[in-house]
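Asks: The structure follows.
Every number here is computed from the coordinates shown, using simple stated rules; none is lab data. Fair warning: this is a prediction, and the values are worked out from it, not measured in the lab. For neighbour counting, all protein chains shown are included, and Cβ atoms are generated from backbone atoms with ideal geometry for every residue, glycine included.
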Amino acid sequence: MSEYLIGKYNYWIYVVLMMIGFYAMMGKRNLVKKLIGMNIFQTAIILYYISIGVKKGGTLPVAMEGTLRAADYINPLPHVLMLTAIVVSVSTTGVALAVLLLIWRRYKSLEEDEILKSIR
Amino acid sequence: MKIFGFLVALLTGGLLIYGIKDMPKWGDPNSPASLHVTPRYIEKTIEETATPDMVTSVLADYRGYDTLGETTVILTAGIACLLLLRRDNS
Amino acid sequence: MNTPHVQATILIILIPLMSSYAIPLLGWRWRGSAFFVALAAIGASTVCSFILLYTVLTQGTIHYHLGGWLPPWGIEYVIDPLNGFMGVAVCVISFLVTLSSKESVQKELPDKKVRFYTIYLLLFTGLMGIVVTGDVFNLYVFLEIASLTAYALIAIGEDGAPLASFNYIIMGTIGACFYLLGVGYLYIVTGSLNIADLAKLLPPLYHSKVVLIALAFFLIGTAIKMGLFPLHVWLPDAYTYAPSSVSTFIAPLMTKVMAYILIRVMFSVFQPSYSLEVVPLGVIMSWLAAAAILVGSIMALAQKDLKRMLAYSSVSQIGYIVLGVGLGNKMGLLGAYLHILNHAFMKACLFAVAMALMYRTGRRNIFQLGRIHRRMPFTIGALVIGALSMVGIPPTAGFFSKWYLILGSIDARNWFFVAVILISSLLNALYFFRVIENAYFEEKHGHLQEEAMTVVAGEREEVPLSMLIPIILLAAGILLLGLFNERIISGILVFALPPGF
Amino acid sequence: MIIQYENVIIKTICRLLIPFLQLYAIYVLMHGHYSPGGGFQGGVMMGASFILLVIAYGLEEARRRISIKTLTIYACLGLFIYSGTGACALLMGANYLDYGALPLPVAHVPKIRALGILSIEIGVFLGVMAIMICIFLAIASFDTEEKS
């Protein structure tokens, strides 16, 4: 059990973080809070990937002198994938902010309830 | 809506936790992810690309096409912001 | 290996990608050039896609190693008959839809043309990138390109568009992130990202819970993206409020490409026996799909807005595709493949007609169409063909895909699904004949009469040829697909079936 | 939204800081082969240095120095460098993005690959820098755009 909890604590942290973000996306009524939730959600996934790459006893993936052994370096692939995911997250946030500005221009509000009221 | 959101988040979290059981331990040097594809990236990076930084060599060479896609994503975001907030010649 | 045929695999992406970088540069000087560059790029892609389909059918699967690295290490493009078929479908429809969009964009977004076509071309690139790739993470990158562009394009529409787009951003990001989580879960147990490699590594791991959760997240993610019934909430608003040229482009293609991802994940990454029988997922999917078919049809019946009606009809048609996949037998899957193509044509035709109506009359309310056929006979003729095909009247394409789906349901010994398909056809008939009736006959609602008469009073006034010709071609395509469906099935689609069917 | 703010300390510090930031950004770009870094990180830093300028000196100053038009050209140019490097390999008869086939006067193939990596990193750098500033300017100047 302790192995389940402590030996895999990285997964627990990411699951909790992801649930926080997911709840903010689904439950909050303010559009900016939803966007923040989306960012937390994406960060949680990034954390998960990065934690895959870790090897105990490994150092950062820049080759040093001498022969290269795979066990000496942490796994570079998740880092590469997450550079992409970070960029995607930044881009999505940028577009979402632009859309929020458009919403603000039309309804002068970012509360979902008020917007829905003003539409009806 | 809040309760619904909470339940959905719990359900998703539960699903993910259910999957944790069969995952390798944190920092396990013998996990499949460390053994299958990446050894080549680590061991051959100097030999094949003359680039000591493995993240750079994977990012720009082995999986360079992903990076092209990712830069395109950035361009998309920039042009999209301009499309949404500005007129063409301003 | 390095023959021109094979290089078409990359050119199909590279030409639109590089053209989309060129549009803003050219656009500063010649603003009118944006449309032509986009059209030319999509046209070149279309040519490539035909070359690829022909090569695949004659010489077998094409593998293209990007950067010259072998598959598990580098990224690989794989073209098999399913890819080739989807590529041709996406390209041809994009080409026709783009051709028809010129006047409508000029009218609705006159001061945003250059950037509009940049984003538009990037959306096409994203969709094609999803179709041709053989790497799950590369698929995610192109999925994000396609999604981001779609968010932006939807947000520039009319009044409710930004809010619809924001909801789509939230839902779409959840979908894409679930897909990414699925990739991560597969990566942690296999260490690979290549589809063929995963298919080889996964079978010994099928007992693992991680693989099961990965499959679940893949399915939920793609289901959100394609608007399967309980997760379709973003779809009607997004399609309704988007500019009409955008909904004409997104509605036929986006959801179909997402359905393609679903099929690819279920049958290429996992083995069909695992993905259909494990939970039992096939049963769950087909029941959800049946619910989607009924709910979509009923909701469509309640709409007055033509575009919103078509959007709900899309929800129901996605149900057909997923039903065919979930049935998990040869006939059902063939029906699903055929329906992807047919429905893309039908929806493109119908949305293009809606665009034409918007362009000429500025109206979308189906009760205000009184006798519009006198003014635009060809457009309304195309509407009739599209509607008949949606209902499933024999010579049109829609009949045959439904026929195969019914055969699949019978093979699965599930009479309920047969009943669902038949009932939904009836509902389709109800809501489409309402439109046709209003387009051909006199207006009955009193207070709208005068306005309607002014519409009728106009002389015959068709939409411009650049819009009319694609609409007619799409309508003709529906008839041709119906007539030659046997050729398509026996010539292409039977080779696209996963092994074991 | 962002107006010019008369504060000597902020202005002076920004004036001192920005050149070093930009120098460091270029270092991160060029040193990406040997240490953590590369086109994205460098590009974002370069963009951040410009955003710092906007924060200290106001939008008007920024508009005088750089326009959206120039930025779009930079971004497209960067992506052209990237995809052009790949297409160059395609023209030399290899697969797309196969830097080993680039026509460079270096005998050692891995060295050519390293130079190919550098070339695309520069493309990424230009693109990311321009787009970061672009997004910032588009969002920050939303109100002023509205009035004009």
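Asks: In whole Å, what is the distance between the alpha-carbon centres of region D:53-97 and region C:145-222?
Replies: With region D:53-97 and region C:145-222 each reduced to a Cα centre, they are spaced 30 Å.
Asks: Within 10 Å, at most 14 other Cβ atoms, and a DSSP state outside H, G, I, E, B define an exposed site. Report the longest part of chain C free of exposed trypsin sites (Lys or Arg not before Pro).
Replies: Counting only loop sites that pass the neighbour cut-off, the longest clear stretch is C:1-303.
Asks: Helix-derived [θ] at 222 nm for chain C: sum -39500 (n - 2.57) over DSSP H runs of at least 4, divide by residue count, nearest 500?
Replies: So the helix-based figure for chain C works out to -25500 deg cm²/dmol.
Asks: Report the calculated FRET efficiency for C:Ala302 and C:Val418 (r = Cβ-Cβ distance, R0 = 25 Å), to the nearest 0.05.
Replies: 0.50
Asks: I would also like to ask the following. What is the dipole size for chain C, taken about its Cα centre, with +1 at each Lys and Arg Cβ and -1 at each Asp and Glu Cβ, in debye to the nearest 20?
Replies: Dipole of chain C, to the nearest 20 debye: 240 debye.
Asks: Report, in listed order, any pair from A:Lys33/C:Lys209; A:Lys33/A:Lys117; C:Lys113/C:Lys347; A:Lys55/C:Lys209; A:Lys34/C:Lys107 with a Cα-Cα distance greater than 30 Å.
Replies: Numbers: A:Lys33/C:Lys209 33 Å; A:Lys33/A:Lys117 19 Å; C:Lys113/C:Lys347 24 Å; A:Lys55/C:Lys209 23 Å; A:Lys34/C:Lys107 34 Å.
Where the Cα-Cα span goes over 30 Å, the pairs concerned are A:Lys33/C:Lys209; A:Lys34/C:Lys107.
Asks: Moving on to the next point. When averaged across all projection directions, what area in nm² does the alpha-carbon convex hull of region D:1-96 cover?
Replies: 8.1 nm²
Asks: Also, quick follow-up: Hey, quick one: spin label on C:Leu57, modelled 7 Å out along Cα-Cβ, who in region C:83-97 has an amide N within reach, i.e. under 20 Å?
Replies: C:83-96, by backbone N distance to the label point.
Asks: Another question about this same structure. Could you name the lysines whose alpha carbon sits less than 22 Å from that of C:Lys330, not counting residues in the same chain fewer than 8 places away?
Replies: Here the lysines satisfying the reach criterion relative to C:Lys330 are C:Lys256, C:Lys402.
Asks: I've got another one for you. Counting other Cβ atoms within 10 Å of each Cβ, which GluC sites (Glu not before Pro) in region A:16-113 have at most 11 and sit in a DSSP loop? Can you show the working numbers first?
Replies: On the way: sites: A:Glu65, A:Glu111, A:Glu112; in loops: A:Glu65.
Those satisfying the criteria are A:Glu65.
Asks: Among D:Val28, D:Val109, D:Val128, which one shows the highest mean-square fluctuation when chain D is modelled as a Gaussian network with alpha-carbon springs under 10 Å?
Replies: For chain D, modelled as a Gaussian network with Cα springs under 10 Å, the answer is D:Val109.
Asks: Sticking with this structure for a sec: Could you list the residues of region C:284-320 with an amide nitrogen less than 13 Å from a label point located 7 Å from the Cα of C:Arg434 in the Cα-to-C-beta direction?
Replies: In region C:284-320, the label zone of C:Arg434 (backbone N under 13 Å from the point 7 Å along Cα→Cβ) covers C:297-313.
Asks: Multiply the residue separation of A:Ser109 and A:Thr67 by 0.36 nm, subtract the distance between their alpha-carbon atoms, and state the gained length in nm to one decimal.
Replies: Details: separation 42, 0.36 × 42 = 15.12 nm, distance 6.10 nm.
Here the answer is 9.0 nm.
Asks: For region B:37-90, give the magnitude of the charge dipole about the Cα centre (Cβ charges: +1 Lys/Arg, -1 Asp/Glu; no others), in debye to the nearest 20.
Replies: 320 debye
Asks: Another one. So, R0 is 51 Å and r is the distance between the beta-carbons of D:Ile55 and C:Arg460; what FRET efficiency does that work out to, to 0.05?
Replies: So the FRET efficiency works out to roughly 0.25.
Asks: Can you give the FRET efficiency to the nearest 0.05 for D:Ala107 and B:Ile46, using r as the Cβ-Cβ distance and R₀ = 22 Å? Write out the running numbers ahead of the final one.
Replies: Values: r = 17 Å, r/R0 = 0.77.
Plugging the Cβ-Cβ distance into 1/(1 + (r/R0)^6) gives 0.85.
Asks: Taking chain D as a Gaussian network, Cα atoms linked when under 10 Å apart, which of D:Met46, D:Met132, D:Met92 shows the biggest mean-square fluctuation?
Replies: Fluctuation is largest for D:Met92.
Asks: Exposure proxy check: B:Asp28, C:Asp111, C:Asp237, B:Asp61 ranked by fewest other beta carbons within 10 Å? Numbers along the way, then the final one.
Replies: Details: B:Asp28 16, C:Asp111 13, C:Asp237 19, B:Asp61 28.
In order of increasing Cβ crowding within 10 Å: C:Asp111, B:Asp28, C:Asp237, B:Asp61.
Asks: Here's a follow-up. Short version: what are the Cα gyration tensor semi-axes of chain B, square root of 5 times each eigenvalue, largest first, in whole Å?
Replies: Semi-axes (√(5λ), whole Å): 34, 32, 7.
Asks: For chain D, the longest stretch holding no chymotrypsin sites (Phe, Trp or Tyr not before Pro) located in a DSSP loop with at most 14 other Cβ atoms within 10 Å is which?
Replies: D:35-148
Asks: How well do other chains shield peptide D:109-116, expressed as the mean number of their Cβ atoms within 10 Å of each residue Cβ?
Replies: 5
Asks: Here's something else I'd like to know. Would you calculate the separation in nanometres between label points at A:Ile13 and D:His31, each defined as 7 Å from the Cα along the Cα-to-beta-carbon direction?
Replies: Each label point is offset 7 Å from its Cα along the Cβ direction, giving 2.7 nm.
Asks: How about region D:1-83: which GluC sites (Glu not before Pro) there lie in a loop by DSSP and see at most 11 other Cβ atoms within 10 Å?
Replies: Taking region D:1-83 and a limit of 11 other Cβ atoms within 10 Å, the loop GluC sites (Glu not before Pro) found are D:Glu6.
Asks: Choose one of A:Met19, A:Tyr9, A:Leu83: the residue whose Cα lies farthest towards the positive end of the charge dipole of chain A (beta-carbon charges +1 Lys, Arg; -1 Asp, Glu; about the Cα centre).
Replies: My answer, from the dipole projection, is A:Met19.
Asks: Please compute the net charge surrounding C:Asn167, taking Lys and Arg as +1 and Asp and Glu as -1 over other residues with Cβ under 12 Å from its Cβ.
Replies: -1
Asks: Compute the helix-to-body angle for C:330-361: its Cα long axis versus the longest principal axis of chain C, expressed 0 to 90° and rounded to tens.
Replies: 30 degrees
Asks: What Kirkwood hydrodynamic radius, in Å, does the protein assembly as shown give when the mean of 1/r is taken over all pairs of distinct Cα atoms and then inverted?
Replies: 27.6 Å
Asks: For C:His339, what is the net charge nearby, where nearby means another residue's Cβ is under 14 Å from its Cβ and Lys, Arg count +1, Asp, Glu -1?
Replies: Overall, the nearby charge balance is +3.
Asks: When a footprinting reagent is the concern and you count Cβ atoms within 10 Å, what order do C:Val210, A:Val88 take, fewest first?
Replies: C:Val210, A:Val88
Asks: Which order results if C:Trp415, C:Trp73 are arranged by neighbouring Cβ count within 10 Å, fewest first?
Replies: The fewest-first ordering by Cβ neighbours comes to C:Trp415, C:Trp73.
Asks: Filter the DSSP H helices in chain D by two things, a Kyte-Doolittle mean of at least -1.0 and an axial alpha-carbon span of 30 angstrom or more, and list the hits by number.
Replies: D:8-30, D:68-91, D:109-140
Asks: Under a 10 Å cutoff between Cα atoms, tell me which one of A:Arg29, A:Arg106, A:Arg69 has the largest fluctuation in the Gaussian network model of chain A.
Replies: A:Arg69
Asks: Given charges of +1 on the Cβ of Lys and Arg and -1 on the Cβ of Asp and Glu, with all other atoms neutral, how large is the dipole of the protein assembly as shown about its Cα centre, in debye to the nearest 20?
Replies: On the way: 59 positive and 48 negative charges, 218 e Å.
That gives a dipole near 1040 debye.
Asks: Under a plain spin-label model, where a point goes 7 Å from the Cα along Cα-to-Cβ, how far apart in nm are C:Leu483 and A:Thr59?
Replies: Result: 7.3 nm between the two label points.
Asks: Let me ask something else. Step by step: find N for region C:327-501, compute 2.2 N^0.38 Å, then divide the Cα radius of gyration by it. What's the final number?
Replies: 1.19
Asks: Still on this structure, I have one more. Could you state the angle between the C-alpha long axis of helix A:9-27 and the longest principal axis of the C-alpha atoms of chain A, as a value from 0 to 90 degrees rounded to the nearest 10?
Replies: Value to nearest ten degrees: 10.
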